[in-house]
Every structure is written in structure tokens, then in C-alpha cells.
Amino acid sequence: MADAYRMEHDSMGEMRVPAEAMYGASTARAVENFPVSGIRFPREFIRALGRIKHAAAEVNHQLGRLDGARAELIDRAAREVAVGDWDAHFPLDIFQTGSGTSTNMNANEVIAHRCKQLNASIEVHPNDHVNMGQSSNDVIPTAIHVAAADQLMHVLLPALEQLHASLRRQQEALAEVVKIGRTHLMDATPLTLGQEVSGWARQVALGMDRLRACLPRLCELAQGGTAVGTGLNTHPEFGRRMAEILSREYGIPFCEAENHFEAQAAQDAIVEFSGALRCLAVSLIKIANDVRLLNMGPRCGLAEISVPAVQPGSSIMPGKVNPVIAESLAQVCAQVIGNDATIAFAGASGMLELNVMLPVMAHNVLQSERLLANAARMFAEKCIDGLQANESKCAEQVEWSMSMVTALAPVIGYERAADLAKRAYREGKTVRELCLAQGVLPAEELERLLDPRSMLAPRD
């Protein structure tokens with residue numbers, strides 16, 4: 001229908017725009033140009049854009065560059081963008097102009113259109129007023145850093161702290177459950193389930209430390225560099241004041257980039273942060289796989305632990321239950337590792353004064369944070385919190401293991417201990433049974449040496 005569209009114009013001329021759209025000609029062109037994936041920028045990125053725009057209006061007003069009426073209108077409209085009122089009007093694909101100019105203009109146009117709705121008597125131009133003192137080349141890198149730091153501090157770290165607390169509780173609960181260790185997937189000397197879980201908890205704690213260590217670089221913002229880092233067409237105080245307002249809004253210590261040319265030409269902070277996310281994903285895969293192995297059974301596998309049954313495991317095998325929560329976590333981690341490969345390639349593709357793979361970097365790093373946060377909470381609540389030890393199975397396998405002979409080696413020598421282990425295996429006996437039958441050591445000393453609890457720490 002003819003009335004389903006309106007005509008708008010930009011520097012390239014007239015453009016047909018859907019009548020109900022809050023955006024204008026520049027965004028409409030990008031909608032037509034990039035029908036690639038249907039993947040849009042996530043909520044946290046649009047929130048960052050809205051906050052950048054209302055902060056810019058406030059700073060420009062403070063500096064005497066923007067009058068109070070326009071600043072007030074832009075502030076109100078941008079805050080509406082920040083809280084998600086107009087998310088439906090941010091339709092652009094992630095795979096677009098590499099600077100993210102299309103999405104920056106999308107925000108400028110939505111805010112300008114909303115200002116017109118609020119007060120039609122005051123002209124608010126998307127470029128001249130909403131984008132005053134800014135360039136897509138500093139806005140989009142700033143939005144990536146702000147959104148990534150926001151997700152880290154307010155979503156991902158709290159989720160990891162929950163998982164860490166769950167693991168620590170299980171570490172204490174399982175401290176007295178002795179089980180056999182395994183190296184190379186083969187029997188090794190004993191440890192407790194609590195000790196095994198303590199390794200998982202430490203992996204998560206170190207993962208959090210690595211993520212926090214990235215924060216100072218994430219907190220450096222490109223805002224104020226404009227097109228190429230020189231700050232052309234903005235005020236010398238603009239970047240510093242923008243960082244101060246964003247710090248107040250987010251409760252995160254943002255600051256103006258020490259060097260604007262680095263902040264726009266490279267995206268090393270995001271590459272570094274994604275590497276820390278990848279390392280966390282590697283740790284979580286290890287934990288998930290350990291849980292799956294120890295849960296294996298329930299009758300014909302290790303079966304040293306049981307995880308909560310959350311759904312039927314098979315469409316053909318009645319009664320089968322699978323460790324699906326751990327499997328879900330492992331798949332999330334595989335995605336994060338893939339996202340990191342994309343970010344590394346994108347980061348390495350910066351040329352001269354700008355990296356032109358910003359949208360795909362934003363999508364991947366924010367998706368990795370969101371997936372890891374959701375999966376960590378799920379794993380804590382639906383798997384780790386309900387994990388239980390099968391103590392009789394653990395005790396049985398400790399006694400049956402040939403590696404128990406390791407405790408005898410300092411007394412009878414390595415080679416004789418090895419011979420005993422091989423013979424115990426051939427004859428289908430435990431090390432204890434064979435040693436008693438052969439009189440290798442007095443029964444009292446043998447009982448002391450083969451006590452698995454004596455093997456759990458160094459001793460004199």
C-alpha cells in the first residue's frame with residue numbers, strides 16, 4: 001500500500017522508509033543492503049548506544065555546544081533507547097558496514113525521530129545534534145567496550161561466583177569420600193572427591209581472575225577520537241567527560257583512552273578479553289567432561305557420582321538418563337572457542353586508522369559472555385548443587401586398584417612393587433590379598449601402608 005511508506009532523505013537523496021519506522025533514510029538503506037543473517041545487535045549493545053547518546057547530549061550542553069532544549073529532548077529519547085523502548089526499530093544485521101556506521105546512524109535517527117514526536121517545534125537532526133562531536137569510528141568501539149564491561153561486571157562474574165560457591169560447597173561436602181585417581185584415563189593413586197572438586201573450583205576462580213584482569217583495558221574508551229583519533233570536530237574535554245558520565249551510569253571505572261589512535265585502529269582489548277573468555281570455556285569443558293566421566297554408568301561405568309536426573313535420556317531406551325546439563329555446558333564452551341577464533345581474525349584485520357570488523361567482534365564477544373553466564377548458572381543449579389557421591393562404588397574401586405601398590409614402593413622397592421601389581425592383575429586379586437597371601441609385610445604394617453587415607457597428602 002502506498003501509505004505504508006513515507007519518504008525521507010539523507011546525503012544520498014530520497015529513500016522510502018516504512019511508515020511506522022522510528023528510523024530514517026540511512027537505516028532504511030542499510031536494511032536493504034545487508035539482508036545477511038537476521039542477527040541483530042543484542043540488548044546490552046543497544047543499551048550502551050542509548051547511554052552514549054544521552055551522555056553526549058549532556059556533555060555537549062555542558063560545553064556550550066548544544067542548547068538546553070535540544071539536549072533535554074535528546075537525553076529523554078536516548079534514555080528510552082537505553083531501556084529498550086525502541087528495540088524493534090534497530091533492525092540492522094550484524095554483517096554490515098565494518099565500522100558499524102549503519103547502526104550508529106540507526107541510533108541517531110531513532111533518537112531524532114523520537115525528539116520530533118516529543119516536540120515537533122524543535123528540529124533535532126540525527127547528524128548535527130544527536131551525533132554532535134562523535135563519529136561512528138569512536139562511538140561503536142566505545143559501545144563494544146561499555147557493553148562488554150557491563151556484561152562482565154553485572155552478568156558474567158555474578159554467575160561465575162554462583163558456580164564457584166556451588167563447587168566450594170561440594171568440595172567441603174565430599175571431603176571425606178576417598179576415590180581412586182586416574183591419569184591417562186588409567187588407575188592412579190587415591191584422592192578424595194572433595195580434592196577433585198577443589199581443582200574445578202580453583203579453575204573457576206582463576207577464570208574470574210583472568211577476566212577481571214582485562215577490565216582496565218576494557219574501561220579505556222575511544223570516545224573523543226572522532227574519525228581517525230585526532231578528535232576533529234569535538235571538544236578537548238569531550239572524551240573525558242563522556243567517560244565520567246558513563247562511569248556514573250554503569251558503576252564501572254571507565255576512562256578516556258590514553259591513545260585514541262590505538263583505541264580506534266586496533267581492538268586488542270577485545271581480543272585479550274575474548275582470550276580470557278576462551279580460557280574460561282576451556283576450563284568449563286574440562287569440568288563438564290569430568291562430571292560426565294565420573295557419572296558414567298550407572299552400572300557399567302565409573303559411577304562414582306550421580307548428577308540430578310532432569311529429563312528422560314532416550315527416545316528408544318526406557319529408563320535411560322543422561323548428563324544433559326554438562327553436555328549443554330560443553331556445547332556452549334565450543335561456541336565460545338569458535339567465537340574467539342572469529343574475534344582473533346577480526347582483530348588481526350585492522351588496517352591503518354580503523355578496524356572494520358567491529359560489528360562481528362561485538363556480536364561474538366557479547367554472545368560469549370551471555371552464553372557463559374547462562375550456562376554457568378544452569379550448571380550450578382541443575383547439576384553441581386545436586387551432585388552426590390556413590391561412596392560404596394568409590395571405596396570398592398580404591399580397594400580393587402593395582403595402583404595401591406604405590407604406597408609399598410618406598411618400603412619394598414619399585415621393581416618388586418611393580419611385580420606385585422602385575423601378578424595381582426593376572427590373578428584377579430587385590431594388592432592387599434596378594435601381599436597377605438605372600439607375607440610381603442607384617443599384616444599390621446600392610447594395613448597401615450595400604451590405608452588409602454594415608455595416601456592423600458605428603459608425609460614424612
Please count how many residues of the stretch 249-265 are touching a helix residue (DSSP H, G or I) at 6+ places or on another chain (Cβ under 9 Å) and in a helix (DSSP H, G or I). 6
Within the bounds of the stretch 212-224, is there any residue that is closer than 24 Å to Gln62 by Cα, among the aliphatic types (A, V, I, L, M), surrounded by fewer than 23 Cβ atoms within 10 Å (Cβ to Cβ) and not assigned by TED's automatic domain parsing to the domain that holds Gly64? no
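Conditions (1) surrounded by 13 or more Cβ atoms within 10 Å (Cβ to Cβ); (2) in the same structural domain as Glu80 (by TED's automatic domain parsing); (3) not hydrophobic (A, V, I, L, M, F, W, C), marked per residue:
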site: Gly13; (1), (2), (3): no, yes, yes
site: Glu20; (1), (2), (3): no, yes, yes
site: Ala30; (1), (2), (3): yes, yes, no
site: Leu49; (1), (2), (3): yes, yes, no
site: Ile52; (1), (2), (3): yes, yes, no
site: Ala55; (1), (2), (3): yes, yes, no
site: Asn60; (1), (2), (3): yes, yes, yes
Listed residues Arg76, Arg65; which is part of a helix (DSSP H, G or I), surrounded by fewer than 19 Cβ atoms within 10 Å (Cβ to Cβ) and not β-branched (Val, Ile, Thr)? Arg76
Of the numbered conditions (1) crowded, with 24+ Cβ neighbours inside 10 Å; (2) in contact with a His (Cβ under 9 Å, 6 or more places away or on another chain); (3) among the aliphatic types (A, V, I, L, M), Ile94 satisfies every one except a single condition; which is it? (1)
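Residue-wise test of (1) in contact with a strand residue (DSSP E or B) (Cβ under 9 Å, 6 or more places away or on another chain); (2) assigned to a helix (DSSP H, G or I).
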| position | (1), (2) |
| --- | --- |
| His145 | yes, yes |
| Ala148 | no, yes |
| Val155 | no, yes |
| Ala165 | no, yes |
| Glu172 | no, yes |
| Ala175 | yes, no |
| Lys179 | yes, no |
| Arg182 | yes, no |
| Leu191 | yes, no |
Of the residues in the stretch 1-31 that are among the acidic types (Asp, Glu) and at pLDDT below 95, the one that is farthest from Met105 (Cα to Cα) is Asp3
Take the residues of the stretch 103-134 that are among the polar types (S, T, N, Q) and surrounded by fewer than 24 Cβ atoms within 10 Å (Cβ to Cβ): which is farthest from Val83 (Cα to Cα)? Ser121
Residue under question is Ile305, and the condition is that it be within 28 Å of Asn364 (Cβ to Cβ) and in contact (Cβ under 8 Å) with a residue 40 or more places away in the chain; does it hold? no
Only one of Gln151, Gln134 that is polar (S, T, N, Q) and within 15 Å of the chain's Cα centre (by Cα): Gln151
Return a yes/no flag: does the stretch 114-129 have any residue that is hydrophobic (A, V, I, L, M, F, W, C), outside any loop (DSSP other than H, G, I, E, B) and more than 23 Å from Gln264 (Cα to Cα). yes
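Would you confirm whether or not the stretch 406-424 contains a residue that is polar (S, T, N, Q), without any contact (Cβ under 8 Å) to a residue 40 or more places away in the chain and not assigned by TED's automatic domain parsing to the domain that holds Thr183?
So far as the stretch 406-424 goes, no, none of its residues is polar (S, T, N, Q), without any contact (Cβ under 8 Å) to a residue 40 or more places away in the chain and not assigned by TED's automatic domain parsing to the domain that holds Thr183.
The values are calculated or read from the model by the stated rules, or taken from the named source; none is laboratory data. Everything numeric here is computed off the predicted structure, so don't read it as measured data. Cβ sites come from the backbone with ideal geometry, for glycine too, and all protein chains shown count toward neighbours.
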